[in-house]
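*Asks:* Just dropping this structure here.
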Amino acid sequence: MTRLRRAAWRALLLTLMTACAAAQPVRSTLGDPVDSMMQMSAASLMPTLRGRWLYTDDGSLVGRVREVRVSEAGNTLVAIVARRRWLGGGEIAIPVPTLRQEGASLMVAGTTQTIRALRSR
């Protein structure tokens with residue numbers, strides 16, 4: 001009787017395992033090299049940008065860069081900035097191509113109103 005129960009449990013487990021494996025979505029690996037290149041680019045910018053203060057065109061302090069990541073869409077790098085409380089607080093994502101260096105300062109185009117209007121992550 002115990003052999004029959006064991007065999008039944010094994011059959012049930014095999015059925016469940018194959019059903020779970022079949023439920024996984026089909027994934028293409030065509031984008032993997034691009035993803036890894038974007039990740040490497042983000043990692044190479046981290047030492048340069050992390051901890052730097054970010055200012056607007058008019059010289060207002062936006063906040064400090066926390067990290068650099070690949071955007072949710074996967075097509076650009078974004079700097080995650082801890083926005084100052086008086087600008088709405090929270091963390092915002094600013095595309096790295098919009099950042100520029102002026103002297104020793106890291107700048108972003110815009111005003112305090114445009115930064116305040118950005119949605120927190």
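The values are calculated or read from the model by the stated rules, or taken from the named source; none is laboratory data. These numbers come from a predicted model, not from an experiment. Counting neighbours? That spans all protein chains shown, and the Cβs are built from the backbone with ideal geometry, glycine included.
*Asks:* Given (1) surrounded by 14 or more Cβ atoms within 10 Å (Cβ to Cβ); (2) in contact with a Phe, Trp or Tyr (Cβ under 9 Å, 6 or more places away or on another chain), identify the lone condition not met by Arg69.
*Replies:* (2)
*Asks:* Go through segment 38-52 and give me each residue that's outside any helix (DSSP H, G or I) and either in contact with a Pro (Cβ under 9 Å, 6 or more places away or on another chain) or exposed (fewer than 14 other Cβ atoms within 10 Å of the Cβ) (or both).
*Replies:* At the first step, the residues of segment 38-52 found to be outside any helix (DSSP H, G or I) are 50-52.
Once the filter is applied, which keeps residues that are outside any helix (DSSP H, G or I) and either in contact with a Pro (Cβ under 9 Å, 6 or more places away or on another chain) or exposed (fewer than 14 other Cβ atoms within 10 Å of the Cβ) (or both), segment 38-52 yields only Gly51.
*Asks:* Taking the residues in segment 29-54 that are out of contact with any strand residue (DSSP E or B) (no Cβ under 7 Å at 6 or more places or on another chain) and polar (S, T, N, Q) as candidates, determine which candidate is modelled with the lowest pLDDT. Spell out how you get there, then give the answer.
*Replies:* Taking segment 29-54 as the starting set, the residues that turn out to be out of contact with any strand residue (DSSP E or B) (no Cβ under 7 Å at 6 or more places or on another chain) are 29-37, 40, 43-44, 47-48.
Of the ones still in play, those that are also polar (S, T, N, Q) are 29, 36, 44, 48.
Values: Thr29: 51, Ser36: 80, Ser44: 86, Thr48: 89.
Looking at residues that are out of contact with any strand residue (DSSP E or B) (no Cβ under 7 Å at 6 or more places or on another chain) and polar (S, T, N, Q), I get Thr29.
*Asks:* Do we find a residue being at pLDDT 90 or above, at positive phi, in a strand (DSSP E or B) and surrounded by 14 or more Cβ atoms within 10 Å (Cβ to Cβ) anywhere in segment 72-80?
*Replies:* no
*Asks:* If you check every pair at least six apart or on different chains, which have Cβ atoms under 8 Å apart with a residue in segment 90-119 that is under 12 Å from Ala79 (Cα atoms) first and a residue that is part of a helix (DSSP H, G or I) second?
*Replies:* Listed by first residue and then by second, the contacts come to Ile92/Ile115; Val96/Leu45; Val96/Leu49; Leu99/Leu49; Leu106/Leu49; Val108/Thr98; Val108/Ile115.
*Asks:* Then there is this: Where residues in segment 96-110 are surrounded by 13 or more Cβ atoms within 10 Å (Cβ to Cβ) and touching a Ser or Thr at 6+ places or on another chain (Cβ under 8 Å), which of them is farthest from Ser44 (Cα to Cα)?
*Replies:* Only one residue tops the list, namely Gly110.
*Asks:* It is to be established whether one or more residues within segment 54-61 are surrounded by fewer than 18 Cβ atoms within 10 Å (Cβ to Cβ), over 15 Å from the mean Cα position of the chain (by Cα) and hydroxyl-bearing (Ser, Thr, Tyr). Reasoning before the result, please.
*Replies:* First, the residues of segment 54-61 that are surrounded by fewer than 18 Cβ atoms within 10 Å (Cβ to Cβ): 55, 57-61.
With over 15 Å from the mean Cα position of the chain (by Cα) added as a condition, the list becomes 55, 57-61.
Okay, now just the ones that are also hydroxyl-bearing (Ser, Thr, Tyr), so 55, 60.
Within segment 54-61, one or more residues are surrounded by fewer than 18 Cβ atoms within 10 Å (Cβ to Cβ), over 15 Å from the mean Cα position of the chain (by Cα) and hydroxyl-bearing (Ser, Thr, Tyr).
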